[in-house]
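What follows is a single structure, written as structure tokens, with notes after it.
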Amino acid sequence: MEPVIIVLVILVVLVFIALIKTIQVIPQASAAIVERFGRYTRTLNAGLNIVVPFIDTIRNRIDLREQVVPFPPQPVITQDNLVVNIDTVIYYQVTDARAATYEVASYIQAIEQLTVTTLRNIIGGMDLERTLTSREEINAALRGVLDEATGKWGIRVNRVELKAIEPPTSIQDSMEKQMRADRDKRAAILTAEGTRQAAILTAEGEKQSQILRAEGEAKAAALRAEGEAQAVRTVFEAIHAGDPDQKLLSYQYLQMLPKIAEGDANKLWIVPSEIGDALKGLSGAMGNFGPFGGNSGNGNNGNNGNNGNNGNNGNGGGNERREKPSLD
């Protein structure tokens with residue numbers, strides 16, 4: 001009985017292994033290459049698949065999703081003989097599992113080498129400045145070449161991106177200095193424009209303030225003149241309303257004479273001809289109040305006559321010119 005049991009156990013194990021070999025479950029977005037006696041038979045798609053055990057073998061399982069592969073920096077020489085290091089990133093997708101398995105030994109390595117050679121051809125026709133500013137152009141050209149070359153491998157290149165372009169250290173220093181100089185230039189221009197605008201606004205403000213100040217002064221002068229004129233009219237009307245006599249006017253006139261003679265710089269002053277009339281009126285007023293009023297009046301008459309004669313003989317004018325006595 002023991003040999004029979006051993007045989008049955010072996011048969012059960014063989015059946016179990018055969019079932020495992022027969023049933024193949026392929027995940028979604030994946031494919032498997034089946035070979036029979038070393039020859040391609042078919043491609044297994046996603047789902048449950050049945051194969052012949054111990055005859056059919058799974059050669060390769062391929063992921064059909066889009067893949068992202070970054071490549072290390074590659075030294076590339078530009079048209080102006082400068083070496084730059086360029087990092088690239090490739091987005092590709094396997095569209096034919098059979099071609100990707102049998103048309104190329106390692107499609108990742110093939111894509112990397114093709115990217116390097118194509119990139120050197122494209123960058124070799126550009127100078128450094130164009131290389132730094134033409135990433136879209138480089139990406140489009142690189143993608144076109146890669147997509148055409150990898151089509152027979154069952155691979156579609158969806159995108160190619162230049163992750164970094166690193167020029168030499170000396171060129172980076174020169175570019176930084178140039179950028180700093182450009183920024184300083186723009187800052188100086190903005191400062192000058194700001195100063196100019198501030199000066200213009202200040203001048204306009206001063207002009208406006210002077211105009212407003214002049215208008216205010218003109219209005220103030222007009223109001224002041226109008227007030228003085230009103231004051232003069234009021235005084236004139238008050239004088240005429242009060243009807244002053246000659247005696248009061250003569251007394252007021254004599255009180256103003258000392259003010260005329262005030263000041264050290266007044267070496268010469270003019271006595272108006274009306275002073276005689278004022279003195280005559282004042283003398284007449286004082287004569288009427290004094291005990292010798294009549295004699296005083298006669299004396300004044302005589303003096304008036306003499307003054308009249310002197311005026312007719314010498315000066316011819318109505319004013320007498322006298323020098324102010326020295327105060328020393």
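The values are calculated or read from the model by the stated rules, or taken from the named source; none is laboratory data. For clarity, every value in this text was computed on a predicted model and none was experimentally measured. Backbone-built Cβ (ideal geometry, glycine too); neighbour counts: all protein chains shown. The accessibility values were calculated without ligands, DNA or RNA, using every heavy atom of the protein model including side chains. Shrake-Rupley method; radii C 1.70, N 1.55, O 1.52, S 1.80 Å.
Have a look at Glu166, Glu161 and point out the one that is touching a residue at least 40 places away in the same chain (Cβ under 8 Å), of a type in the set (Asp, Glu) and buried (at least 16 other Cβ atoms within 10 Å of the Cβ). Quick ask: steps written out before the conclusion?
On the way: Glu166 fails: buried (at least 16 other Cβ atoms within 10 Å of the Cβ).
Exactly one of Glu166, Glu161 is touching a residue at least 40 places away in the same chain (Cβ under 8 Å), of a type in the set (Asp, Glu) and buried (at least 16 other Cβ atoms within 10 Å of the Cβ), namely Glu161.
For Glu215, the stated conditions do not hold, so it cannot be described as assigned to a helix (DSSP H, G or I) and open to solvent by 100 Å² or more (accessible area, probe 1.4 Å). Among the residues in region 73-84, are any in contact with a Lys or Arg (Cβ under 9 Å, 6 or more places away or on another chain), charged (D, E, K, R) and either free of Cβ contacts under 8 Å to residues at least 12 places away in the same chain or within 30 Å of Arg135 (Cα to Cα) (or both)? No, that holds for no residue. Within the option set Ala199, Ala203, Ala222, being open to solvent by less than 70 Å² (accessible area, probe 1.4 Å) and at pLDDT below 90 holds for one residue only, Ala222. Would you mind stating whether Val7 is open to solvent by 70 Å² or more (accessible area, probe 1.4 Å), assigned to a strand (DSSP E or B) and without any contact (Cβ under 8 Å) to a residue 60 or more places away in the chain? Answer is no for this residue. Of the listed requirements (1) without any contact (Cβ under 8 Å) to a residue 40 or more places away in the chain; (2) in a loop (DSSP other than H, G, I, E, B); (3) buried (at least 17 other Cβ atoms within 10 Å of the Cβ), Thr118 misses just one: (2). The set of residues in region 48-67 being open to solvent by less than 80 Å² (accessible area, probe 1.4 Å) and among the β-branched types (Val, Ile, Thr) consists of Val51, Val52, Ile55, Thr57, Ile58, Ile62.
Would it be correct to say that Gln230 is part of a helix (DSSP H, G or I) and modelled with pLDDT of 90 or more? Answer is no for this residue. The single condition among (1) out of contact with any helix residue (DSSP H, G or I) (no Cβ under 7 Å at 6 or more places or on another chain); (2) part of a strand (DSSP E or B); (3) more than 22 Å from Leu128 (Cβ to Cβ) that Ile90 does not satisfy is (1). Set side by side, the residues Thr131, Thr101 differ, and just one is modelled with pLDDT under 90, out of contact with any Gly (no Cβ under 7 Å at 6 or more places or on another chain), in a helix (DSSP H, G or I) and β-branched (Val, Ile, Thr), which is Thr131.
Listed by first and then second residue, the pairs with beta-carbon distance under 7 Å, at least 6 apart or on different chains, first residue in region 87-104 and closer than 22 Å to Phe71 by Cβ, second small (Gly, Ala, Ser) and open to solvent by less than 60 Å² (accessible area, probe 1.4 Å), are Asp87/Ala164; Val94/Ala100; Val94/Gly154; Thr95/Gly154; Ala100/Gly154; Glu103/Gly154; Val104/Ala110.
Would you check if Met175 is aliphatic (A, V, I, L, M), farther than 29 Å from Ile33 by Cβ and assigned to a loop (DSSP other than H, G, I, E, B)?
Numbers: aliphatic (A, V, I, L, M): yes; farther than 29 Å from Ile33 by Cβ: yes; assigned to a loop (DSSP other than H, G, I, E, B): no.
So Met175 fails the test.
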